[in-house]
1. Residue check, Trp276 against (1) in a strand (DSSP E or B); (2) more than 16 Å from the ligand (Cβ to nearest atom); (3) of a type in the set (Phe, Trp, Tyr), all met but one. Which one?
2. Go through (1) within 16 Å of the ligand (Cβ to nearest atom); (2) touching a residue at least 24 places away in the same chain (Cβ under 8 Å) for Arg211 and report which single condition fails.
3. Considering the stretch 80-106 alone, what residues qualify as being surrounded by fewer than 16 Cβ atoms within 10 Å (Cβ to Cβ) and at pLDDT 85 or above?
4. Please count how many residues of the stretch 172-197 are under 19 Å from the mean Cα position of the chain (by Cα), closer than 21 Å to Leu127 by Cβ and touching a residue at least 60 places away in the same chain (Cβ under 8 Å).
5. Go through the stretch 291-321 and count every residue that is in contact (Cβ under 8 Å) with a residue 40 or more places away in the chain and in a helix (DSSP H, G or I).
6. So which strands (runs of 3 or more DSSP E) are wholly in the stretch 126-215 and hold at least 1 residues that are buried (at least 24 other Cβ atoms within 10 Å of the Cβ) and modelled with pLDDT of 95 or more?
7. Yes or no: Gly225 away from the ligand (no atom under 16 Å from the Cβ), touching a residue at least 24 places away in the same chain (Cβ under 8 Å), crowded, with 24+ Cβ neighbours inside 10 Å and over 22 Å from Pro108 (Cα atoms)?
8. Answer yes or no as to whether Tyr197 is within 16 Å of the ligand (Cβ to nearest atom) and under 17 Å from Pro142 (Cβ atoms).
Amino acid sequence: MIPRNPHLAALKAGYLFPEIARRKREFAAAHPEDPSKPETRIISLGVGNTTEPVLPRTTAGLVEGARKLGTVEGYSGYQDEGLPELRKKIAGVFYSRSAGPGGEGTSPFSIDEIFVSDGAKCDIGRLQLLFGSETPAVVQDPSYPVYVDGSVLIGSAGSREAGEAGGGYGGITYLPCTAENQYFPDLSLVPENSLFYFCSPNNPTGAAATREQLTGMVSAARRQGCIIIFDAAYSEYIRDPALPKTIFEIPGARECAIEVNSFSKPAGFTGVRLGWTVVPKELRYAGGESINADWARIAGTIFNGASNIAQAGGLAALSDEGQKEIRRLCDFYLENAALIRSALSKLGISSVGGDNSPYIWARFPGRDSWEVFAEILEKCRVVTTPGSGFGPSGQSFIRFSAFGHRADVEEACRRLSFI
Ligand SMILES: *Cc1c(COP(=O)(O)O)cnc(C)c1O
């Protein structure tokens, strides 16, 4: 028989979200919902999954994309790195200094630096193949689980303590992001020649890094020979005009950063599946080889590109009208976030996030996250996410997601007074 990939055994027990789903199921089995009593219904503000329908212009793009496949002229097959029109549109809409609805300036990126994918999470998993297991990984603590779990799967997890190196393994360093450092890590802890995963606006803390913080991060990365994998999945939730929406607003980032982004959260494409990765041509390995060329190779080798229907939807979402829809959808979730923050604040629970991101990070000093999770589930019938599931520094926090129908969010906010 064939042995199991030993790295699978190094994954922490159970992925966070299946564990939450299990606890919710157990609770629901023990406390069945009574359709005649709306207050018995379980409301989820847990998983970061979008809930609102795709808006009309974007939907029309998806429909048209499917229709074209049924015609001789409109048919298309494999397109490993994405439709050229979409890559061009992404370069113009997201990376031009003067970009904004209707106005695309000249992009600093050519289309062969923009790679369309089936989502940011999948791309993060594939990006790890570029660097292998001997490259140390650095993550914010708490962090979105795929950075750590993906690194563990390729065998990076020799050591989990800051500064230590594991035998033949790069190791994973956790950089605490806590109330004390305003949820931005101490950059002096970043090891040399490491792969630095950074997410802003952040999942789970909701913190959005300032221009000054990102400038410090880019100079630290260049000084230390690091590459930043910048996860900008929530960039469209930024409302403060002073905050950078991409790492490439920071001078020098082209020499040290790869950015992943996605249509999932701004356009409601979590199930449609569409994202992109920017790999600047300046990026090199220690031996001088082009990282961009290797990424193109991986795209054609173990990935055959995103669905052309999804890409037609993406193009529509980036039309002037589509961008207004994105704005409207993000505003809706941000209004949910404001309701949750205000409900927490009335209860004297301190929280951050929710103003430039759809997540609220609430603090329960001295308490265990899973215990607070259980209390909120039992007393309010509201599912949240225990902060400790995102890393040790998430202990005593609860993440509230603003993805939900308005009536559910309002009802959840009302019930929060039961805790
Ligand atoms: C939801 C999310 C993504 C998006 O992943 P997709 O695969 O594009 O759906 C990426 N990064 C973070 C931090 C997320 O929360």
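1. Checking Trp276 against (1) in a strand (DSSP E or B); (2) more than 16 Å from the ligand (Cβ to nearest atom); (3) of a type in the set (Phe, Trp, Tyr), the one that fails is (2).
2. Failed condition: (1).
3. Answer for the stretch 80-106, where residues must be surrounded by fewer than 16 Cβ atoms within 10 Å (Cβ to Cβ) and at pLDDT 85 or above: Pro84, Glu85.
4. 3
5. Within the stretch 291-321, the first condition is being in contact (Cβ under 8 Å) with a residue 40 or more places away in the chain, and the residues that meet it are 291-292, 294-296, 298-300, 302-321.
With the extra rule that they be in a helix (DSSP H, G or I), the set shrinks to 291-292, 294-296, 298-300, 308-317, 320-321.
The qualifying residues number 20.
6. Numbers: elements: 137-141, 172-176, 195-199.
Passing ranges, in order: 137-141, 195-199.
7. So Gly225 fails the test.
8. Spelling it out, Tyr197 is indeed within 16 Å of the ligand (Cβ to nearest atom) and under 17 Å from Pro142 (Cβ atoms).
The values are calculated or read from the model by the stated rules, or taken from the named source; none is laboratory data. All values reported here derive from a predicted model rather than from experimental measurement. Don't worry about glycine lacking a Cβ; one is built from the backbone with ideal geometry, like all the others, and counts go over all protein chains shown.
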